[in-house]
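This report concerns only the one structure given below.
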Amino acid sequence: MIGESVLDQCLKHVLLEKILVINRKPTDLKHPKLEEIILADLSNMSQEKEKLQGYDACFFCIGVSSTGMNEETYTKLTYTLTLNFATLLSQINSSMTFCYVSGAGTDSTEKGKSMWARVKGKTENELMKLPFKQVYNFRPSALIPYLQVKPNQTYQSVKYLKWLFVLLRPIFPNYIVWLSDFGKAMINSVLYGYKNQVLESKDIFKLANETTSN
């Protein structure tokens with residue numbers, strides 16, 4: 001859901017010339033800007049090194065729920081997969097900006113009681129050590145979908161709460177973000193930069209409305 005929304009905003013943005021999607025399944029989208037790499041195993045990108053060159057940014061939107069997982073499995077699918085991919089990209093193009101989708105409540109100390117928060121915190125911390133031009137960790141609290149949510153998507157239950165999030169957003173503007181704004185914020189982090197490497201929902205909203213005049 002997040003990845004599709006970010007892709008939608010990228011395709012609409014006039015300043016983005018070329019977009020490469022790396023996915024397990026085809027998007028079924030046709031657009032002159034869009035190219036795709038389909039891989040069943042996303043942990044092995046080394047064979048695609050030539051196709052990864054020349055890009056200014058990576059919007060890493062891959063993620064899994066920790067529900068029902070032990071720490072070892074969740075770490076492999078969250079920390080290991082992300083760091084292996086990011087390390088390869090940093091070796092190919094150190095002038096790239098890397099944007100990572102984390103989550104509100106992520107534990108930067110890596111010592112808290114919440115397993116998922118520790119793993120996400122460790123992932124963020126290690127990403128910021130890589131030799132990229134810049135790394136931004138996005139920590140949204142609640143996201144309002146605007147595209148159709150497919151039955152097999154992780155965030156399917158969000159569509160049933162959309163009406164509630166829409167009603168609550170004027171009351172909690174620093175916590176609830178439209179997914180369209182989330183995508184715009186990722187793009188703007190590359191175009192204009194941001195003062196913080198860790199972005200909470202209020203930062204995401206602010207960055208989504210950033211302009212060249214600032």
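The values are calculated or read from the model by the stated rules, or taken from the named source; none is laboratory data. Note that this is a predicted model, so its numbers are computed, not measured. All Cβ positions, even for glycine, are placed from backbone atoms using ideal geometry, and neighbour counts span all protein chains on display. Note: accessible area is taken over every heavy atom of the protein model, side chains too, but ligands, DNA and RNA are not part of it. Shrake-Rupley method; radii C 1.70, N 1.55, O 1.52, S 1.80 Å.
Any idea how many residues of the stretch 56-74 are open to solvent by less than 90 Å² (accessible area, probe 1.4 Å), among the polar types (S, T, N, Q) and at pLDDT below 95?
Count: 2.
What is the number of the single condition among (1) open to solvent by 60 Å² or more (accessible area, probe 1.4 Å); (2) over 18 Å from the mean Cα position of the chain (by Cα); (3) in contact (Cβ under 8 Å) with a residue 12 or more places away in the chain that LYS30 does not meet?
(3)
Working carefully through the options LEU199, LEU191, find the one that is part of a strand (DSSP E or B), of a type in the set (A, V, I, L, M) and at pLDDT 95 or above.
On the way: LEU191 fails: part of a strand (DSSP E or B).
Unique residue meeting the criteria: LEU199.
Report whether or not LYS49 is of a type in the set (D, E, K, R) and open to solvent by less than 100 Å² (accessible area, probe 1.4 Å).
Details: of a type in the set (D, E, K, R): yes; open to solvent by less than 100 Å² (accessible area, probe 1.4 Å): yes.
Against the criterion (of a type in the set (D, E, K, R) and open to solvent by less than 100 Å² (accessible area, probe 1.4 Å)), LYS49 qualifies.
Could you tell me which numbered condition THR73 fails, if it satisfies all but one of (1) in contact with a helix residue (DSSP H, G or I) (Cβ under 9 Å, 6 or more places away or on another chain); (2) not in a loop (DSSP other than H, G, I, E, B)?
THR73 satisfies every listed condition except (1).
Assuming CYS10 fulfils every condition listed in (1) exposed (fewer than 13 other Cβ atoms within 10 Å of the Cβ); (2) farther than 22 Å from LYS76 by Cβ; (3) not basic (Lys, Arg) apart from one, which condition is it?
Status for CYS10: all satisfied but (1).
So is SER90 touching a Pro at 6+ places or on another chain (Cβ under 8 Å) and over 20 Å from ASP41 (Cβ atoms) or not?
Details: touching a Pro at 6+ places or on another chain (Cβ under 8 Å): yes; over 20 Å from ASP41 (Cβ atoms): yes.
Judged against the criteria, SER90 is a match.
Take the residues in the stretch 75-115 that are under 19 Å from VAL190 (Cα atoms) and in contact with a Gly (Cβ under 8 Å, 6 or more places away or on another chain); name whichever of them is surrounded by the fewest Cβ atoms within 10 Å (Cβ to Cβ).
Per the stated criteria, the residue is ASN93.
Output the qualifying pairs, or none if there are none: Cβ atoms under 9 angstrom, residues six or more apart or on different chains, first residue in the stretch 122-149 and without any contact (Cβ under 8 Å) to a residue 12 or more places away in the chain, second residue open to solvent by less than 60 Å² (accessible area, probe 1.4 Å) and in a strand (DSSP E or B).
LYS129/VAL135
Go through the stretch 31-55 and report how many residues are at pLDDT below 85 and of a type in the set (Lys, Arg).
Adding up the residues that qualify gives 0.
Quick one: which helices (runs of 4 or more DSSP H) lie wholly within the stretch 78-178 and hold at least 1 residues that are farther than 17 Å from PHE60 by Cβ and at pLDDT below 95? If you could, list the steps in order and put the result at the bottom.
Numbers: elements: 81-92, 115-127, 158-168.
Answer list for the stretch 78-178: 158-168.
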